[in-house]
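Here is the structure we will look at, set down as structure tokens.
The values are calculated or read from the model by the stated rules, or taken from the named source; none is laboratory data. The shown structure was predicted, so the numbers you read here are calculated from the model rather than taken from an experiment. Don't worry about glycine lacking a Cβ; one is built from the backbone with ideal geometry, like all the others, and counts go over all protein chains shown. Heads up: the accessible areas ignore ligands, DNA and RNA and are worked out on the full protein's heavy atoms, side chains in. Shrake-Rupley method; radii C 1.70, N 1.55, O 1.52, S 1.80 Å.
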Amino acid sequence: MTKQPLSIADTLKQAWQDLLADHPHMRIRDAAATLGVSEAELLATDCGNRVTRLRAHWPALLSAVGTLGPVMALTRNAFAVHESTGLYEDIRPCGDAILIAGHHIALCLLVGIWHSGFAVTEESHRGPRHSLQFFDTGGEAVHKIYLTEHADAGLYRRLVDIFRADDQSPNPALPAHGPNPPLGDLKQCSELPESWRRLLLADTSEAAVTGRISMPALRALMQQLAELMLPIQVLVGNPGALQLHDGPIQNLKITGPWFNILDQRFNLHLNEMAVAGADIVQLRYRQHALTGLLVRGQNQQTIASVFGGYDDTNGENGFWRDLLRASALAGGS
């Protein structure tokens with residue numbers, strides 16, 4: 001019998017397996033970068049095995065996630081990872097975006113640029129780990145949802161069956177090009193809640209940069225916030241998703257280049273080596289002053305944002321503003 005030549009997908013899958021044999025703990029994002037492909041392309045090579053391609057019915061699928069119980073939502077960019085554990089509730093559209101305001105979960109998902117989604121089963125030291133993973137037109141991961149031990153695995157399997165795509169080929173079929181709509185389009189949405197509108201304005205020309213603090217000063221500020229249990233808002237995003245934590249932080253830890261917040265329902269992983277500094281920005285919003293902290297990368301891109309607690313009557317927490325000013329005096333860069 002003549003041996004059939006390997007397809008491109010088979011060749012890529014074999015290369016991935018060879019890479020894992022040498023580096024068994026390598027994450028798929030790093031493996032994809034090493035192999036010169038996108039994460040979606042690499043993941044698709046396992047369709048029909050541990051991976052199931054999903055139909056692009058994002059609003060219905062996300063609504064179904066709300067039936068699963070507690071899940072872990074993960075949104076990341078190149079240098080920050082934001083993880084929140086809670087419920088997908090109060091799911092509503094806002095233009096091409098979907099807003100989710102569940103118990104311990106706050107998301108703005110720009111599903112207009114989502115291209116593909118997969119249900120994924122991975123082996124972990126605790127057994128099989130199930131997730132739903134979503135990617136943009138370039139094959140970059142924009143949002144992931146992981147089942148927790150308290151989620152309903154039976155309903156998850158039903159969800160995967162319902163939203164299973166007819167095409168389960170190992171090829172990702174990424175479009176040749178697909179420009180992402182600017183975030184400004186979201187700000188024009190009349191249904192956008194004030195809480196999101198306020199946060200998004202802090203990273204525009206409407207906000208004035210009034211100072212900058214270094215990474216060590218940022219670390220010291222976060223330690224103060226943890227000791228005081230002062231409620232803050234921590235935002236991490238990418239072109240397809242924004243994820244927000246609203247509340248105090250507690251457990252901080254440095255692991256190699258990573259600055260970590262490791263709380264029960266909220267984790268943040270920030271690559272300190274990528275941080276050039278954090279800009280202090282100010283603007284007027286309605287009748288109140290708003291002060292934010294934009295953590296910047298070497299190319300001045302925003303990696304993460306930190307804000308103080310805020311209410312519509314009294315504005316932002318004045319203690320937050322005082323701590324930020326003190327940090328600028330003590331550790332400006």
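Can you pull out the residues in the range 263-291 that are small (G, A, S) and farther than 27 Å from A78 by Cβ?
Once the filter is applied, which keeps residues that are small (G, A, S) and farther than 27 Å from A78 by Cβ, the range 263-291 yields only A289.
Kindly list the number of the only condition in (1) more than 30 Å from I261 (Cα to Cα); (2) among the polar types (S, T, N, Q); (3) in contact with a Gly (Cβ under 7 Å, 6 or more places away or on another chain) that fails for Q14.
(3)
Scan the range 283-327 residue by residue and report those that are among the small types (G, A, S) and either open to solvent by 70 Å² or more (accessible area, probe 1.4 Å) or within 25 Å of G237 (Cα to Cα) (or both).
Result: A289, G292, G297, A304, S305, G308, G309, G315, S327.
Which numbered condition in (1) part of a strand (DSSP E or B); (2) farther than 18 Å from R325 by Cβ is the only one that T313 fails?
Tallying (1) part of a strand (DSSP E or B); (2) farther than 18 Å from R325 by Cβ, T313 fails exactly one: (1).
Do we have S327 as in a helix (DSSP H, G or I) and in contact with a strand residue (DSSP E or B) (Cβ under 6 Å, 6 or more places away or on another chain) here?
Spelling it out, S327 is indeed in a helix (DSSP H, G or I) and in contact with a strand residue (DSSP E or B) (Cβ under 6 Å, 6 or more places away or on another chain).
Listed here are the residues, each with its yes/no results for (1) over 13 Å from L324 (Cα atoms); (2) open to solvent by 20 Å² or more (accessible area, probe 1.4 Å); (3) touching a residue at least 12 places away in the same chain (Cβ under 8 Å); (4) in contact with a strand residue (DSSP E or B) (Cβ under 7 Å, 6 or more places away or on another chain).
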{"position": "A208", "(1), (2), (3), (4)": "yes, yes, yes, yes"}
{"position": "R212", "(1), (2), (3), (4)": "no, yes, yes, yes"}
{"position": "M229", "(1), (2), (3), (4)": "yes, yes, yes, no"}
{"position": "I232", "(1), (2), (3), (4)": "no, no, yes, yes"}
{"position": "Q243", "(1), (2), (3), (4)": "yes, no, yes, yes"}
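Pairs please, first residue from the range 315-326 and under 15 Å from T210 (Cα atoms), second anywhere and at pLDDT 90 or above and among the β-branched types (V, I, T), Cβ atoms under 7 Å, 6+ apart in sequence or on different chains.
Note: pairs meeting the criteria are R321/T291; L324/I280; L324/T291.
Which residue is nearest to T67 (Cα to Cα), if the candidates are limited to the range 127-152 and must be outside any loop (DSSP other than H, G, I, E, B) and modelled with pLDDT under 95?
R129
Restricted to the range 101-116, and to residues that are free of Cβ contacts under 8 Å to residues at least 60 places away in the same chain and open to solvent by less than 20 Å² (accessible area, probe 1.4 Å), which residue is farthest from H269 (Cα to Cα)?
Step by step, filter the range 101-116, then rank; the result is G102.
Which condition from (1) more than 22 Å from E206 (Cα to Cα); (2) touching a helix residue (DSSP H, G or I) at 6+ places or on another chain (Cβ under 8 Å); (3) open to solvent by 10 Å² or more (accessible area, probe 1.4 Å) is the one that I249 breaks?
It fails just one condition, (3).
Is it the case that some residue within the range 117-125 is at pLDDT 95 or above, more than 23 Å from Q264 (Cα to Cα), among the small types (G, A, S) and in contact with a strand residue (DSSP E or B) (Cβ under 8 Å, 6 or more places away or on another chain)?
Scanning the range 117-125, I find at least one residue that is at pLDDT 95 or above, more than 23 Å from Q264 (Cα to Cα), among the small types (G, A, S) and in contact with a strand residue (DSSP E or B) (Cβ under 8 Å, 6 or more places away or on another chain), so the answer is yes.
Conditions first: (1) touching a residue at least 60 places away in the same chain (Cβ under 8 Å); (2) under 16 Å from S63 (Cα atoms); (3) open to solvent by less than 60 Å² (accessible area, probe 1.4 Å). D152 passes all but one, so which condition is the exception?
(3)
Find the residue count for the range 121-149, including only residues that are surrounded by 19 or more Cβ atoms within 10 Å (Cβ to Cβ), in contact with a Lys or Arg (Cβ under 8 Å, 6 or more places away or on another chain) and not polar (S, T, N, Q).
Residues that pass the stated criteria total 4.
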